[in-house]
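Report on the following structure.
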Amino acid sequence: DGGITQSPKYLFRKEGQNVTLSCEQNLNHDAMYWYRQDPGQGLRLIYYSQIVNDFQKGDIAEGYSVSREKKESFPLTVTSAQKNPTAFYLCASLQGWGNQPQHFGDGTRLSIL
Amino acid sequence: EDQVTQSPEALRLQEGESSSLNCSYTVSGLRGLFWYRQDPGKGPEFLFTLYSAGEEKEKERLKATLTKKESFLHITAPKPEDSATYLCAVQPQGGSEKLVFGKGTKLTVNP
């Protein structure tokens, strides 16, 4: 079955540590997105990529980094510069353009040790 | 600034008790409005896309409608399995594929 796989489902970070969240899709979608979801808040866009080897900052990119070396993969690194990283992180992908819906993975919950 | 407001924040219904969720928006031109369903600990699941005022879409007990300022998600004779958080998102004009999300409505349907 085609879909978006996020791993791990749960992740713990120590102070001063960088952690990387994985997002893989086998839908052959061009665009991929990272969102952060906090309790009582709407999804907020961290980074997005419309094509391999290119990505743009979203609304809350500070303290995060991404890469897009392959079409199917869009990993997110939460750096030590992100002072409040505890949240639910969602990856999405999109086929083509023109009002198509984004499809989401099942998320990674990141907590601070 | 593009904004999406969903109301109510939470809604409790008895099984079979129909109701509506509201999504009001202000955007500089609307390319599309999306409804998603999200279960606890899961990613959002796509339900509907609406493109223009007057448009309606249906799926089982759900019906989404769109006006120039808001969208409604009508739930007819809900069942406990309809319990979830319903998210609304808009895609503004401008060539970007970015979505602006509301905070969601948490629906609980009691048996």
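One table, with the values for the structure above:
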{"read-out": "Mean separation of Cα contacts under 8 Å (6+ apart) over length of chain B, as relative contact order %", "value": "37"}
{"read-out": "Alpha-carbon centroid distance for the pair the stretch B:19-39 / the stretch A:1-78, whole angstrom", "value": "23"}
{"read-out": "Ellipsoid semi-axes in whole angstrom, largest first, where each is sqrt(5λ) of the Cα gyration tensor of chain B", "value": "24, 14, 12"}
{"read-out": "The stretch A:6-88: GluC sites (Glu not before Pro) falling in loop per DSSP and having at most 12 other Cβ within 10 Å", "value": "A:E15, A:E62, A:E69"}
{"read-out": "Residue-wise HN-Hα coupling along the stretch B:2-13, computed from phi with Karplus coefficients 6.51, -1.76, 1.60 (Hz; x: Gly, Pro)", "value": "6, 9, 10, 10, 10, 9, x, 5, 9, 9, 10, 10"}
{"read-out": "Hz values of 3J(HN,Hα) by residue in the stretch A:90-96 - Karplus curve (6.51, -1.76, 1.60), Gly and Pro given as x", "value": "10, 10, 9, 9, 8, 9, x"}
{"read-out": "Magnitude of the charge dipole, the protein assembly as shown, Cβ model with Lys/Arg +1 and Asp/Glu -1, debye to 20", "value": "360"}
{"read-out": "Other-chain or far-sequence residues with amide H under 5 Å of A:G3's (modelled H)", "value": "A:N26, A:L27"}
{"read-out": "P(r) tail fraction, chain A - alpha-carbon pairs more than 18 Å apart, %", "value": "45"}
{"read-out": "Residues A:I60, B:I75, A:I46, sorted so that the one with the fewest Cβ neighbours within 10 Å comes first", "value": "A:I60, B:I75, A:I46"}
{"read-out": "Percentage relative contact order, chain A, counting C-alpha pairs under 8 Å, at least six apart", "value": "35"}
{"read-out": "Rel. contact order, % - alpha carbon contacts under 8 angstrom, at least six apart, the stretch B:30-88", "value": "33"}
{"read-out": "Ranked B:F46, A:F104, criterion: other C-beta atoms within 10 Å, fewest first", "value": "B:F46, A:F104"}
{"read-out": "Residue order, fewest to most beta carbons within 10 Å, for B:K98, A:K9", "value": "A:K9, B:K98"}
{"read-out": "Cα-based radius of gyration of the protein assembly as shown once divided by 2.2 N^0.38 Å, which approximates compact folds", "value": "1.02"}
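No value in this document is a laboratory result; all are computed from the given coordinates. Just so you know, these numbers come straight off a predicted model, no measurement behind them. For neighbour counting, all protein chains shown are included, and Cβ atoms are generated from backbone atoms with ideal geometry for every residue, glycine included.
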